[in-house]
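Trainee: One structure follows; several queries about it will come next.
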Amino acid sequence: MSCCPSPERLIQLNERFRIFSELADDLSGLQEYPPRPTFSAKDSLCAVGFQARAGSRILEGYRPPFDATPVWRMRQEGMLLIGKTNMDEFGFGTFSTNSGYDVPRNPFDEDRACGGSSGGAAAATSLLEGHVALGASTGGSISCPASFCGVLGLTPTYGRVSRYGLIDYGNSLDKVGLLARDAATLRTWLPIISGPDPKDPTSCVQPMLDLTPRRVERVAVPKEAMQNLSSGVEARFAESLLRLQEEHDVLIDEVSMPSLRYALSAYYVLATSEASTNLARYCGMRFGVRNSNISQHFNDFFSETRSANFGVEAKRRILLGTYARMVGFRDRYYMKALAVRQLVISEYKRVLQDHDLVLTPTMPFVAPRFSEIERMRPLEAYQADFLTVPPNLAGLPHLTLPCGYLEGLPVGMQAVASHWEERALLDIAERWTSRFHVRFPEVSL
Amino acid sequence: MDIETVRKVARVARLRLTPSEEMQFAQDLEEVLQYFSLLDEAPQVETHDFNPVRVADILREDEPSRDVNAERLRDSMDTYNDMVRGPRLS
(Lines give C-alpha, C1' and ligand atoms only; values in the text may rest on other atoms or scores of the structure.)
Protein backbone atom coordinates (compact mmCIF):
# COMPACT_ATOMS: atom_id res chain seq x y z
CA MET A 1 0.00 0.00 0.00
CA SER A 2 2.76 2.42 0.77
CA CYS A 3 6.44 2.97 0.37
CA CYS A 4 7.85 4.28 3.63
CA PRO A 5 10.98 6.40 3.82
CA SER A 6 13.85 5.07 5.91
CA PRO A 7 14.11 6.62 9.38
CA GLU A 8 17.26 8.46 8.22
CA ARG A 9 15.52 9.99 5.22
CA LEU A 10 12.54 10.97 7.35
CA ILE A 11 14.82 12.78 9.80
CA GLN A 12 16.65 14.53 6.96
CA LEU A 13 13.40 15.61 5.32
CA ASN A 14 12.20 16.91 8.66
CA GLU A 15 15.38 18.92 9.23
CA ARG A 16 14.99 20.55 5.86
CA PHE A 17 11.21 21.13 5.69
CA ARG A 18 10.37 21.40 9.43
CA ILE A 19 7.37 19.11 9.08
CA PHE A 20 7.06 17.68 12.58
CA SER A 21 6.90 19.27 16.00
CA GLU A 22 7.85 15.86 17.35
CA LEU A 23 8.88 12.62 15.64
CA ALA A 24 8.15 9.21 17.16
CA ASP A 25 10.98 7.97 19.41
CA ASP A 26 10.79 4.58 17.80
CA LEU A 27 10.77 4.62 14.00
CA SER A 28 11.80 0.98 13.63
CA GLY A 29 8.30 0.16 12.31
CA LEU A 30 9.37 1.89 9.09
CA GLN A 31 11.84 -0.91 8.45
CA GLU A 32 9.53 -3.84 9.13
CA TYR A 33 8.63 -6.10 6.26
CA PRO A 34 6.04 -5.59 4.98
CA PRO A 35 6.41 -1.94 6.01
CA ARG A 36 3.70 -0.59 8.27
CA PRO A 37 1.63 2.16 6.68
CA THR A 38 2.25 5.50 8.34
CA PHE A 39 0.20 8.48 9.39
CA SER A 40 0.80 11.74 11.16
CA ALA A 41 -1.42 13.83 13.42
CA LYS A 42 -1.64 17.58 13.66
CA ASP A 43 -0.13 18.71 16.95
CA SER A 44 -3.58 19.76 18.22
CA LEU A 45 -4.64 16.09 18.34
CA CYS A 46 -3.72 14.22 21.51
CA ALA A 47 -1.72 11.01 21.13
CA VAL A 48 -0.14 8.81 23.78
CA GLY A 49 3.65 8.88 23.54
CA PHE A 50 3.82 12.45 22.25
CA GLN A 51 3.45 15.93 23.61
CA ALA A 52 0.34 17.79 22.42
CA ARG A 53 1.26 21.45 22.17
CA ALA A 54 -0.95 22.73 19.35
CA GLY A 55 1.94 24.92 18.21
CA SER A 56 1.85 26.87 21.48
CA ARG A 57 4.62 27.50 24.00
CA ILE A 58 2.00 27.52 26.75
CA LEU A 59 1.47 23.77 26.24
CA GLU A 60 5.18 22.91 26.43
CA GLY A 61 5.52 19.60 28.26
CA TYR A 62 1.86 18.59 28.09
CA ARG A 63 1.73 14.83 27.54
CA PRO A 64 -1.87 13.64 27.27
CA PRO A 65 -2.54 10.21 28.81
CA PHE A 66 -5.03 9.30 26.05
CA ASP A 67 -5.43 9.22 22.26
CA ALA A 68 -7.80 11.52 20.40
CA THR A 69 -10.52 9.28 18.94
CA PRO A 70 -9.40 9.69 15.28
CA VAL A 71 -5.79 8.86 16.31
CA TRP A 72 -6.98 5.84 18.29
CA ARG A 73 -9.06 4.60 15.36
CA MET A 74 -6.11 4.88 12.96
CA ARG A 75 -3.86 3.04 15.40
CA GLN A 76 -6.46 0.29 15.81
CA GLU A 77 -6.06 -0.34 12.07
CA GLY A 78 -2.36 -1.01 12.53
CA MET A 79 -1.17 2.38 11.31
CA LEU A 80 2.11 3.73 12.64
CA LEU A 81 1.97 7.28 14.01
CA ILE A 82 5.31 8.74 12.94
CA GLY A 83 4.92 12.23 14.33
CA LYS A 84 2.94 15.30 15.30
CA THR A 85 2.89 17.98 12.63
CA ASN A 86 3.70 21.67 12.93
CA MET A 87 0.90 24.19 12.86
CA ASP A 88 -0.05 27.76 13.67
CA GLU A 89 -0.50 28.26 17.41
CA PHE A 90 -3.93 26.76 18.25
CA GLY A 91 -4.75 26.96 14.51
CA PHE A 92 -4.56 30.76 14.44
CA GLY A 93 -3.18 31.44 10.99
CA THR A 94 -3.24 31.00 7.24
CA PHE A 95 0.44 30.19 6.65
CA SER A 96 1.68 28.11 9.64
CA THR A 97 4.04 31.00 10.40
CA ASN A 98 2.34 31.76 13.75
CA SER A 99 3.95 28.78 15.42
CA GLY A 100 5.69 28.73 18.79
CA TYR A 101 7.95 26.04 17.33
CA ASP A 102 9.09 25.41 13.76
CA VAL A 103 7.59 26.89 10.63
CA PRO A 104 7.15 24.23 7.90
CA ARG A 105 8.65 24.97 4.44
CA ASN A 106 6.77 24.40 1.22
CA PRO A 107 8.03 21.23 -0.51
CA PHE A 108 7.80 22.97 -3.91
CA ASP A 109 9.83 26.02 -2.82
CA GLU A 110 11.46 26.31 0.57
CA ASP A 111 11.19 30.12 0.55
CA ARG A 112 7.43 29.78 0.57
CA ALA A 113 4.87 28.84 3.23
CA CYS A 114 2.95 25.58 3.40
CA GLY A 115 -0.28 27.35 4.27
CA GLY A 116 -2.08 26.91 7.52
CA SER A 117 -2.92 25.97 9.92
CA SER A 118 -2.30 22.25 9.14
CA GLY A 119 0.93 23.19 7.33
CA GLY A 120 3.11 20.34 8.57
CA ALA A 121 0.35 17.85 7.68
CA ALA A 122 0.29 19.10 4.09
CA ALA A 123 4.09 19.06 3.80
CA ALA A 124 4.23 15.49 5.14
CA THR A 125 1.61 14.36 2.64
CA SER A 126 3.36 16.05 -0.26
CA LEU A 127 6.79 14.63 0.64
CA LEU A 128 5.99 11.10 1.85
CA GLU A 129 4.62 8.51 -0.52
CA GLY A 130 1.63 6.59 0.86
CA HIS A 131 1.28 8.96 3.80
CA VAL A 132 -2.04 10.01 5.24
CA ALA A 133 -2.25 12.98 7.61
CA LEU A 134 -4.86 13.84 10.19
CA GLY A 135 -5.53 17.57 10.04
CA ALA A 136 -8.10 19.83 11.61
CA SER A 137 -10.01 22.74 10.16
CA THR A 138 -11.84 25.60 11.83
CA GLY A 139 -11.94 28.09 8.95
CA GLY A 140 -9.95 26.39 6.18
CA SER A 141 -6.97 24.85 7.92
CA ILE A 142 -7.09 21.68 5.81
CA SER A 143 -8.02 23.19 2.43
CA CYS A 144 -5.49 26.02 2.50
CA PRO A 145 -2.31 24.01 3.19
CA ALA A 146 -3.45 21.12 0.98
CA SER A 147 -3.88 23.62 -1.84
CA PHE A 148 -0.49 25.30 -1.29
CA CYS A 149 1.30 21.93 -1.08
CA GLY A 150 -0.56 20.31 -3.98
CA VAL A 151 -2.33 17.46 -2.18
CA LEU A 152 -5.95 16.45 -1.53
CA GLY A 153 -7.57 17.73 1.64
CA LEU A 154 -10.94 16.49 2.90
CA THR A 155 -12.84 18.35 5.61
CA PRO A 156 -15.91 16.27 6.57
CA THR A 157 -19.25 17.63 7.75
CA TYR A 158 -19.21 19.25 11.20
CA GLY A 159 -19.90 16.37 13.61
CA ARG A 160 -18.87 13.56 11.23
CA VAL A 161 -15.56 12.83 12.99
CA SER A 162 -15.25 12.80 16.77
CA ARG A 163 -13.27 15.69 18.24
CA TYR A 164 -12.53 13.93 21.50
CA GLY A 165 -8.88 14.71 22.13
CA LEU A 166 -8.71 17.63 19.71
CA ILE A 167 -7.45 20.75 21.46
CA ASP A 168 -10.33 23.19 21.00
CA TYR A 169 -10.16 26.31 18.88
CA GLY A 170 -13.82 27.12 18.10
CA ASN A 171 -16.30 24.45 19.21
CA SER A 172 -19.02 25.30 16.71
CA LEU A 173 -16.48 25.19 13.86
CA ASP A 174 -13.76 22.60 14.58
CA LYS A 175 -13.58 19.50 12.36
CA VAL A 176 -11.00 16.73 12.00
CA GLY A 177 -10.18 15.65 8.44
CA LEU A 178 -7.67 13.99 6.14
CA LEU A 179 -4.88 15.00 3.79
CA ALA A 180 -3.73 12.46 1.21
CA ARG A 181 -2.01 12.13 -2.16
CA ASP A 182 -4.88 10.32 -3.85
CA ALA A 183 -8.63 9.83 -3.67
CA ALA A 184 -8.41 6.12 -2.84
CA THR A 185 -6.64 6.93 0.43
CA LEU A 186 -9.44 9.30 1.41
CA ARG A 187 -12.04 6.64 0.59
CA THR A 188 -10.15 4.12 2.74
CA TRP A 189 -9.67 6.27 5.84
CA LEU A 190 -12.77 8.45 5.99
CA PRO A 191 -14.99 5.58 7.22
CA ILE A 192 -12.36 4.59 9.79
CA ILE A 193 -12.25 7.97 11.50
CA SER A 194 -15.98 8.76 11.06
CA GLY A 195 -18.92 7.70 13.18
CA PRO A 196 -20.53 8.39 16.55
CA ASP A 197 -18.36 8.59 19.64
CA PRO A 198 -20.07 9.00 23.02
CA LYS A 199 -17.09 11.10 24.12
CA ASP A 200 -18.01 13.81 21.60
CA PRO A 201 -21.79 14.40 21.67
CA THR A 202 -21.73 16.45 18.44
CA SER A 203 -20.62 13.29 16.62
CA CYS A 204 -23.72 11.43 17.82
CA VAL A 205 -26.30 13.20 15.64
CA GLN A 206 -24.83 12.12 12.30
CA PRO A 207 -26.58 9.93 9.76
CA MET A 208 -24.45 6.92 8.87
CA LEU A 209 -21.66 7.65 6.42
CA ASP A 210 -22.88 6.60 3.00
CA LEU A 211 -20.17 6.11 0.41
CA THR A 212 -22.32 4.47 -2.26
CA PRO A 213 -21.64 6.18 -5.58
CA ARG A 214 -23.15 9.59 -6.18
CA ARG A 215 -22.20 10.84 -9.60
CA VAL A 216 -21.54 14.57 -9.79
CA GLU A 217 -23.41 15.88 -12.81
CA ARG A 218 -24.04 19.55 -12.20
CA VAL A 219 -22.02 22.06 -10.22
CA ALA A 220 -22.44 25.72 -9.29
CA VAL A 221 -19.76 28.42 -9.42
CA PRO A 222 -20.70 31.49 -7.37
CA LYS A 223 -19.71 34.68 -9.15
CA GLU A 224 -18.97 36.34 -5.79
CA ALA A 225 -16.08 33.90 -5.35
CA MET A 226 -14.45 34.95 -8.58
CA GLN A 227 -13.37 38.36 -7.33
CA ASN A 228 -10.00 39.27 -5.82
CA LEU A 229 -8.23 36.28 -7.36
CA SER A 230 -4.73 36.44 -8.75
CA SER A 231 -4.87 36.25 -12.53
CA GLY A 232 -2.93 32.97 -12.57
CA VAL A 233 -5.31 31.24 -10.16
CA GLU A 234 -8.30 32.55 -12.09
CA ALA A 235 -6.85 31.16 -15.34
CA ARG A 236 -6.05 27.70 -13.92
CA PHE A 237 -9.52 27.48 -12.36
CA ALA A 238 -11.19 28.46 -15.64
CA GLU A 239 -9.19 25.76 -17.47
CA SER A 240 -10.28 23.22 -14.83
CA LEU A 241 -13.94 24.08 -15.35
CA LEU A 242 -13.48 23.49 -19.08
CA ARG A 243 -11.88 20.12 -18.42
CA LEU A 244 -14.72 19.15 -16.09
CA GLN A 245 -17.18 19.92 -18.87
CA GLU A 246 -15.24 18.28 -21.68
CA GLU A 247 -13.62 15.29 -19.98
CA HIS A 248 -16.17 14.50 -17.28
CA ASP A 249 -19.52 15.73 -18.73
CA VAL A 250 -20.14 17.98 -15.74
CA LEU A 251 -22.60 20.83 -16.28
CA ILE A 252 -21.44 24.13 -14.85
CA ASP A 253 -23.77 26.97 -13.86
CA GLU A 254 -22.73 30.39 -12.68
CA VAL A 255 -24.84 31.32 -9.65
CA SER A 256 -25.10 34.24 -7.27
CA MET A 257 -24.54 33.76 -3.54
CA PRO A 258 -24.66 37.30 -2.13
CA SER A 259 -24.42 36.22 1.52
CA LEU A 260 -20.86 34.97 1.00
CA ARG A 261 -19.61 38.52 1.47
CA TYR A 262 -20.66 38.44 5.15
CA ALA A 263 -19.14 35.04 5.91
CA LEU A 264 -15.62 36.18 6.72
CA SER A 265 -16.74 38.74 9.33
CA ALA A 266 -19.18 36.29 10.91
CA TYR A 267 -16.53 33.60 10.99
CA TYR A 268 -13.89 35.73 12.70
CA VAL A 269 -16.41 36.92 15.30
CA LEU A 270 -17.49 33.36 16.16
CA ALA A 271 -14.02 31.83 15.95
CA THR A 272 -12.34 34.44 18.16
CA SER A 273 -15.25 34.52 20.64
CA GLU A 274 -15.10 30.76 21.08
CA ALA A 275 -11.28 30.69 21.09
CA SER A 276 -11.02 33.35 23.77
CA THR A 277 -13.16 31.26 26.12
CA ASN A 278 -11.38 28.00 25.25
CA LEU A 279 -7.97 29.51 25.91
CA ALA A 280 -8.99 30.64 29.40
CA ARG A 281 -7.97 27.19 30.67
CA TYR A 282 -4.29 27.85 29.91
CA CYS A 283 -3.16 29.62 33.02
CA GLY A 284 -0.10 27.83 34.38
CA MET A 285 -1.89 25.24 36.49
CA ARG A 286 -3.47 22.40 34.58
CA PHE A 287 -1.77 21.93 31.21
CA GLY A 288 1.72 22.50 29.88
CA VAL A 289 3.74 25.34 31.32
CA ARG A 290 3.59 25.36 35.10
CA ASN A 291 4.01 28.58 37.04
CA SER A 292 5.70 27.76 40.34
CA ASN A 293 5.30 31.27 41.74
CA ILE A 294 2.21 30.36 43.78
CA SER A 295 2.67 33.07 46.37
CA GLN A 296 1.13 35.49 43.85
CA HIS A 297 -2.52 36.51 43.73
CA PHE A 298 -4.31 34.36 41.14
CA ASN A 299 -4.85 37.31 38.79
CA ASP A 300 -1.11 37.96 38.61
CA PHE A 301 -0.30 34.25 38.46
CA PHE A 302 -2.60 33.66 35.47
CA SER A 303 -1.62 36.89 33.68
CA GLU A 304 2.10 36.21 34.09
CA THR A 305 1.90 32.74 32.52
CA ARG A 306 -0.40 33.80 29.69
CA SER A 307 1.50 36.95 28.76
CA ALA A 308 4.84 35.16 28.62
CA ASN A 309 3.70 32.12 26.64
CA PHE A 310 0.97 33.08 24.16
CA GLY A 311 2.24 34.31 20.78
CA VAL A 312 1.23 37.60 19.16
CA GLU A 313 -1.61 36.19 17.02
CA ALA A 314 -3.04 34.25 19.97
CA LYS A 315 -3.09 37.45 22.04
CA ARG A 316 -4.68 39.37 19.17
CA ARG A 317 -7.47 36.80 18.79
CA ILE A 318 -8.05 36.54 22.54
CA LEU A 319 -8.47 40.32 22.68
CA LEU A 320 -10.79 40.37 19.69
CA GLY A 321 -12.96 37.52 20.99
CA THR A 322 -13.09 38.90 24.53
CA TYR A 323 -14.16 42.29 23.17
CA ALA A 324 -16.88 40.77 20.95
CA ARG A 325 -18.39 38.99 23.96
CA MET A 326 -18.36 41.95 26.32
CA VAL A 327 -21.57 43.42 27.67
CA GLY A 328 -23.08 45.74 25.10
CA PHE A 329 -21.38 44.16 22.11
CA ARG A 330 -22.77 40.63 22.24
CA ASP A 331 -25.85 41.38 20.12
CA ARG A 332 -23.90 43.47 17.67
CA TYR A 333 -21.23 40.87 17.00
CA TYR A 334 -21.82 37.36 18.34
CA MET A 335 -25.59 37.10 17.89
CA LYS A 336 -25.38 38.81 14.52
CA ALA A 337 -22.67 36.39 13.40
CA LEU A 338 -24.87 33.42 14.41
CA ALA A 339 -27.66 34.87 12.26
CA VAL A 340 -25.30 35.32 9.31
CA ARG A 341 -24.24 31.69 9.65
CA GLN A 342 -27.88 30.66 9.15
CA LEU A 343 -28.11 32.93 6.14
CA VAL A 344 -25.03 31.35 4.58
CA ILE A 345 -26.30 27.81 5.32
CA SER A 346 -29.67 28.65 3.72
CA GLU A 347 -27.96 30.00 0.65
CA TYR A 348 -25.81 26.89 0.19
CA LYS A 349 -28.93 24.74 0.68
CA ARG A 350 -30.76 26.67 -2.01
CA VAL A 351 -27.90 26.26 -4.50
CA LEU A 352 -27.23 22.62 -3.58
CA GLN A 353 -30.86 21.70 -4.25
CA ASP A 354 -30.12 21.81 -7.98
CA HIS A 355 -26.37 21.17 -7.91
CA ASP A 356 -24.18 18.40 -6.56
CA LEU A 357 -21.35 20.74 -5.57
CA VAL A 358 -20.32 24.37 -5.29
CA LEU A 359 -16.92 24.91 -6.88
CA THR A 360 -14.41 27.73 -6.35
CA PRO A 361 -10.65 28.06 -6.30
CA THR A 362 -9.34 27.14 -2.83
CA MET A 363 -7.02 30.09 -2.24
CA PRO A 364 -6.88 33.40 -4.14
CA PHE A 365 -3.13 33.01 -4.80
CA VAL A 366 -0.39 30.36 -4.78
CA ALA A 367 1.81 29.77 -1.72
CA PRO A 368 3.34 33.14 -0.82
CA ARG A 369 6.98 33.78 0.10
CA PHE A 370 7.79 34.22 3.80
CA SER A 371 8.99 37.76 3.00
CA GLU A 372 5.54 38.59 1.53
CA ILE A 373 3.75 37.17 4.57
CA GLU A 374 5.82 39.32 6.92
CA ARG A 375 4.52 42.44 5.20
CA MET A 376 0.83 41.46 5.49
CA ARG A 377 -1.35 43.23 8.02
CA PRO A 378 -3.53 40.94 10.18
CA LEU A 379 -6.72 41.85 8.28
CA GLU A 380 -5.05 41.09 4.94
CA ALA A 381 -4.07 37.64 6.20
CA TYR A 382 -7.64 37.03 7.46
CA GLN A 383 -9.03 38.09 4.08
CA ALA A 384 -6.94 35.44 2.31
CA ASP A 385 -9.38 32.91 3.81
CA PHE A 386 -12.44 34.30 2.01
CA LEU A 387 -12.96 31.16 -0.11
CA THR A 388 -12.32 28.54 2.58
CA VAL A 389 -14.28 30.23 5.37
CA PRO A 390 -17.87 29.95 3.99
CA PRO A 391 -18.13 26.12 3.94
CA ASN A 392 -16.38 25.96 7.33
CA LEU A 393 -18.76 28.49 8.84
CA ALA A 394 -21.67 26.45 7.47
CA GLY A 395 -20.25 23.09 8.66
CA LEU A 396 -20.43 21.74 5.09
CA PRO A 397 -18.10 18.97 3.89
CA HIS A 398 -15.52 20.20 1.41
CA LEU A 399 -12.49 19.01 -0.50
CA THR A 400 -9.55 20.65 -2.16
CA LEU A 401 -7.99 19.09 -5.25
CA PRO A 402 -4.85 20.10 -7.13
CA CYS A 403 -6.13 21.56 -10.41
CA GLY A 404 -3.11 23.18 -12.06
CA TYR A 405 0.35 24.67 -11.61
CA LEU A 406 1.60 28.20 -11.81
CA GLU A 407 5.35 28.52 -12.34
CA GLY A 408 5.70 25.11 -10.71
CA LEU A 409 3.48 25.92 -7.70
CA PRO A 410 0.20 24.06 -7.12
CA VAL A 411 -3.23 25.69 -7.51
CA GLY A 412 -6.22 24.16 -5.71
CA MET A 413 -9.90 23.84 -6.54
CA GLN A 414 -12.42 23.56 -3.71
CA ALA A 415 -15.64 21.54 -3.89
CA VAL A 416 -18.40 21.97 -1.29
CA ALA A 417 -21.23 19.43 -0.84
CA SER A 418 -24.43 19.29 1.22
CA HIS A 419 -24.24 18.31 4.88
CA TRP A 420 -23.33 14.59 5.23
CA GLU A 421 -22.81 14.15 1.43
CA GLU A 422 -19.09 13.36 1.54
CA ARG A 423 -19.65 10.78 -1.21
CA ALA A 424 -20.13 13.54 -3.81
CA LEU A 425 -16.67 14.85 -2.86
CA LEU A 426 -15.11 11.42 -3.27
CA ASP A 427 -16.75 11.05 -6.68
CA ILE A 428 -15.27 14.30 -7.98
CA ALA A 429 -11.90 13.48 -6.40
CA GLU A 430 -11.75 10.09 -8.09
CA ARG A 431 -12.90 11.29 -11.48
CA TRP A 432 -10.73 14.40 -11.51
CA THR A 433 -7.53 12.63 -10.48
CA SER A 434 -8.13 9.83 -13.01
CA ARG A 435 -7.34 12.35 -15.76
CA PHE A 436 -5.29 15.03 -13.99
CA HIS A 437 -1.64 14.34 -13.23
CA VAL A 438 -0.90 15.35 -9.64
CA ARG A 439 2.75 16.36 -9.23
CA PHE A 440 4.89 15.73 -6.18
CA PRO A 441 8.16 17.47 -5.44
CA GLU A 442 11.32 15.53 -6.15
CA VAL A 443 13.65 16.11 -3.24
CA SER A 444 17.26 15.00 -3.27
CA LEU A 445 18.94 15.26 0.10
CA MET B 1 -10.05 50.50 19.21
CA ASP B 2 -8.49 53.04 21.57
CA ILE B 3 -5.67 52.19 23.93
CA GLU B 4 -7.90 52.43 27.01
CA THR B 5 -10.26 49.80 25.57
CA VAL B 6 -7.34 47.53 24.69
CA ARG B 7 -6.12 47.79 28.30
CA LYS B 8 -9.56 47.02 29.68
CA VAL B 9 -10.06 43.99 27.42
CA ALA B 10 -6.55 42.73 28.20
CA ARG B 11 -7.30 42.89 31.94
CA VAL B 12 -10.47 40.84 31.43
CA ALA B 13 -8.52 38.31 29.36
CA ARG B 14 -5.69 38.10 31.93
CA LEU B 15 -3.06 39.41 29.53
CA ARG B 16 -0.37 41.93 30.38
CA LEU B 17 0.65 43.96 27.36
CA THR B 18 3.71 46.11 26.81
CA PRO B 19 3.11 49.71 25.64
CA SER B 20 4.17 48.77 22.12
CA GLU B 21 1.82 45.77 22.09
CA GLU B 22 -1.02 48.03 23.23
CA MET B 23 -0.33 50.42 20.35
CA GLN B 24 -0.05 47.63 17.79
CA PHE B 25 -3.19 45.78 18.90
CA ALA B 26 -5.19 49.03 19.05
CA GLN B 27 -4.29 49.68 15.43
CA ASP B 28 -4.85 46.07 14.23
CA LEU B 29 -8.16 45.63 16.04
CA GLU B 30 -9.50 48.97 14.86
CA GLU B 31 -9.02 47.85 11.28
CA VAL B 32 -10.58 44.42 11.91
CA LEU B 33 -13.60 45.88 13.75
CA GLN B 34 -14.19 48.32 10.92
CA TYR B 35 -14.28 45.36 8.59
CA PHE B 36 -16.73 43.54 10.92
CA SER B 37 -19.16 46.46 10.58
CA LEU B 38 -20.12 44.79 7.29
CA LEU B 39 -22.30 42.58 9.52
CA ASP B 40 -24.59 45.57 10.11
CA GLU B 41 -25.57 45.41 6.43
CA ALA B 42 -26.47 41.69 6.45
CA PRO B 43 -30.17 40.87 6.06
CA GLN B 44 -32.02 39.96 9.25
CA VAL B 45 -32.68 36.27 9.87
CA GLU B 46 -35.33 35.13 12.32
CA THR B 47 -33.67 31.93 13.48
CA HIS B 48 -30.21 31.11 14.64
CA ASP B 49 -28.54 28.12 16.19
CA PHE B 50 -25.29 27.70 18.06
CA ASN B 51 -24.11 24.85 15.81
CA PRO B 52 -24.08 24.55 12.02
CA VAL B 53 -25.96 21.23 12.10
CA ARG B 54 -28.81 20.31 14.40
CA VAL B 55 -27.40 19.05 17.67
CA ALA B 56 -30.10 17.74 20.03
CA ASP B 57 -30.80 14.90 22.45
CA ILE B 58 -27.16 14.05 22.71
CA LEU B 59 -26.68 13.56 26.41
CA ARG B 60 -25.75 10.02 27.36
CA GLU B 61 -26.71 8.30 30.59
CA ASP B 62 -24.84 9.71 33.53
CA GLU B 63 -22.99 6.57 34.59
CA PRO B 64 -19.74 6.76 36.54
CA SER B 65 -16.73 5.31 34.78
CA ARG B 66 -12.98 5.82 34.82
CA ASP B 67 -11.57 6.77 31.40
CA VAL B 68 -8.24 8.12 32.52
CA ASN B 69 -6.00 7.06 35.36
CA ALA B 70 -6.41 9.66 38.13
CA GLU B 71 -2.81 9.25 39.33
CA ARG B 72 -1.52 10.20 35.90
CA LEU B 73 -3.63 13.33 35.90
CA ARG B 74 -2.43 14.20 39.39
CA ASP B 75 1.20 13.67 38.41
CA SER B 76 0.92 16.14 35.57
CA MET B 77 -0.04 18.93 37.99
CA ASP B 78 1.68 20.67 40.86
CA THR B 79 0.51 18.73 43.91
CA TYR B 80 1.09 18.57 47.63
CA ASN B 81 -0.29 15.69 49.76
CA ASP B 82 -2.51 14.61 46.85
CA MET B 83 -3.98 18.08 46.53
CA VAL B 84 -3.51 20.42 43.58
CA ARG B 85 -1.50 23.47 44.45
CA GLY B 86 -2.53 26.85 43.07
CA PRO B 87 -2.08 30.58 43.61
CA ARG B 88 -3.58 32.70 46.39
CA LEU B 89 -7.23 33.66 46.06
CA SER B 90 -6.97 36.83 48.10
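Trainee: Looking at A:Asp43, A:Asp26 in this structure, which one is farther than 20 Å from B:Met77 by Cα and touching a residue at least 12 places away in the same chain (Cβ under 8 Å)?
Mentor: A:Asp43
Trainee: Please find, among B:Glu31, B:Glu71, the residue that is more than 7 Å from chain A (Cβ to nearest Cβ) and either loosely packed, with under 14 Cβ neighbours inside 10 Å or in contact with a helix residue (DSSP H, G or I) (Cβ under 7 Å, 6 or more places away or on another chain) (or both). So that I can check it myself, show each step before the final result.
Mentor: Numbers: B:Glu31 fails: more than 7 Å from chain A (Cβ to nearest Cβ).
Checking each option against the conditions leaves just B:Glu71.
Trainee: Another question, if that's okay. Of the residues B:Pro64, B:Pro52, which single one is within 7 Å of chain A (Cβ to nearest Cβ) and of a type outside the set (Lys, Arg)?
Mentor: B:Pro52
Trainee: Look at the range A:26-75 and say how many of its residues are surrounded by fewer than 21 Cβ atoms within 10 Å (Cβ to Cβ), out of contact with any helix residue (DSSP H, G or I) (no Cβ under 8 Å at 6 or more places or on another chain) and aliphatic (A, V, I, L, M).
Mentor: Number satisfying all stated conditions: 1.
Trainee: Scan the range A:155-180 for residues that are of a type in the set (D, E, K, R) and in contact with a helix residue (DSSP H, G or I) (Cβ under 6 Å, 6 or more places away or on another chain) and report the count.
Mentor: Number of matching residues: 1.
Trainee: Now for a separate question. Would you mind listing the helices (runs of 4 or more DSSP H) fully within the range A:248-358 where at least 2 residues are away from every other protein chain (no Cβ under 11 Å) and under 23 Å from A:Pro390 (Cα atoms)?
Mentor: Values: elements: A:260-278, A:298-309, A:312-324, A:336-354.
In the range A:248-358, the matching helices (runs of 4 or more DSSP H) lie at A:260-278, A:336-354.
Trainee: Additional query: Does B:Ala13 qualify as being farther than 28 Å from A:His419 by Cα, of a type in the set (A, V, I, L, M, F, W, C) and more than 7 Å from chain A (Cβ to nearest Cβ)?
Mentor: no
The rows are residues; the columns are (1) more than 13 Å from A:Met363 (Cα to Cα); (2) assigned to a helix (DSSP H, G or I); (3) under 14 Å from the mean Cα position of the chain (by Cα); (4) at pLDDT below 95.
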| position | (1), (2), (3), (4) |
| --- | --- |
| A:Ala381 | no, yes, no, no |
| A:Phe386 | no, no, no, no |
| A:Leu399 | no, no, yes, no |
| A:Cys403 | no, no, no, no |
| A:Met413 | no, no, no, no |
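Trainee: For the range A:85-195, please list each of the strands (runs of 3 or more DSSP E) lying entirely inside it that holds at least 3 residues being under 15 Å from the mean Cα position of the chain (by Cα), in the same structural domain as A:Pro207 (by TED's automatic domain parsing) and buried (at least 24 other Cβ atoms within 10 Å of the Cβ).
Mentor: A:132-137, A:152-155, A:175-180
Trainee: Only residues that are facing chain A (nearest Cβ under 7 Å) and either closer than 22 Å to A:Ser307 by Cβ or of a type in the set (Ser, Thr, Tyr) (or both): list them for the range B:34-47, please.
Mentor: Listed by number, the residues that qualify are B:Tyr35, B:Thr47.
Trainee: Taking the conditions exactly as written (more than 14 Å from every other protein chain (Cβ to nearest Cβ) and buried (at least 22 other Cβ atoms within 10 Å of the Cβ)), does A:Pro391 satisfy them or not?
Mentor: Judged against the criteria, A:Pro391 is not a match.
Trainee: Given the conditions (1) farther than 26 Å from A:Gln206 by Cα; (2) loosely packed, with under 11 Cβ neighbours inside 10 Å, and given that B:Pro87 satisfies all but one, which numbered condition is not satisfied?
Mentor: The number of the failed condition is (2).
Trainee: Out of B:Leu33, B:Leu29, report the one residue that is closer than 30 Å to A:Phe287 by Cα, touching a residue at least 12 places away in the same chain (Cβ under 8 Å) and not polar (S, T, N, Q).
Mentor: Numbers: B:Leu33 fails: closer than 30 Å to A:Phe287 by Cα.
Going through B:Leu33, B:Leu29 in turn, just one is closer than 30 Å to A:Phe287 by Cα, touching a residue at least 12 places away in the same chain (Cβ under 8 Å) and not polar (S, T, N, Q): B:Leu29.
Trainee: Could you run through the range A:217-245 and say how many residues are among the small types (Gly, Ala, Ser), in contact with a Pro (Cβ under 9 Å, 6 or more places away or on another chain) and not in a helix (DSSP H, G or I)?
Mentor: Qualifying residue count for the region: 1.
Trainee: Moving on to the next point. Can you find a residue in the range A:224-237 that is away from chain B (no Cβ under 14 Å), modelled with pLDDT of 95 or more, buried (at least 23 other Cβ atoms within 10 Å of the Cβ) and under 27 Å from A:Leu320 (Cβ atoms)?
Mentor: no
Trainee: Is there a residue in the range A:273-286 that is of a type in the set (D, E, K, R), closer than 17 Å to A:Gly311 by Cα and surrounded by fewer than 24 Cβ atoms within 10 Å (Cβ to Cβ)?
Mentor: Yes.
Trainee: Which is aliphatic (A, V, I, L, M) and over 14 Å from A:Leu359 (Cα atoms), of A:Val389, A:Val416, A:Val438?
Mentor: Result of the check over A:Val389, A:Val416, A:Val438: A:Val438.
Trainee: Quick check on A:Phe50: is it closer than 22 Å to A:Thr69 by Cα and either modelled with pLDDT of 90 or more or assigned by TED's automatic domain parsing to the domain that holds A:Met87 (or both)?
Mentor: Judged against the criteria, A:Phe50 is a match.
Trainee: What do you reckon, is A:Leu59 at pLDDT 95 or above and out of contact with any Leu (no Cβ under 7 Å at 6 or more places or on another chain)?
Mentor: yes
The values are calculated or read from the model by the stated rules, or taken from the named source; none is laboratory data. Note that this is a predicted model, so its numbers are computed, not measured. FYI the Cβ positions are ideal-geometry reconstructions off the backbone, even for glycines, and counts take in every protein chain you see.
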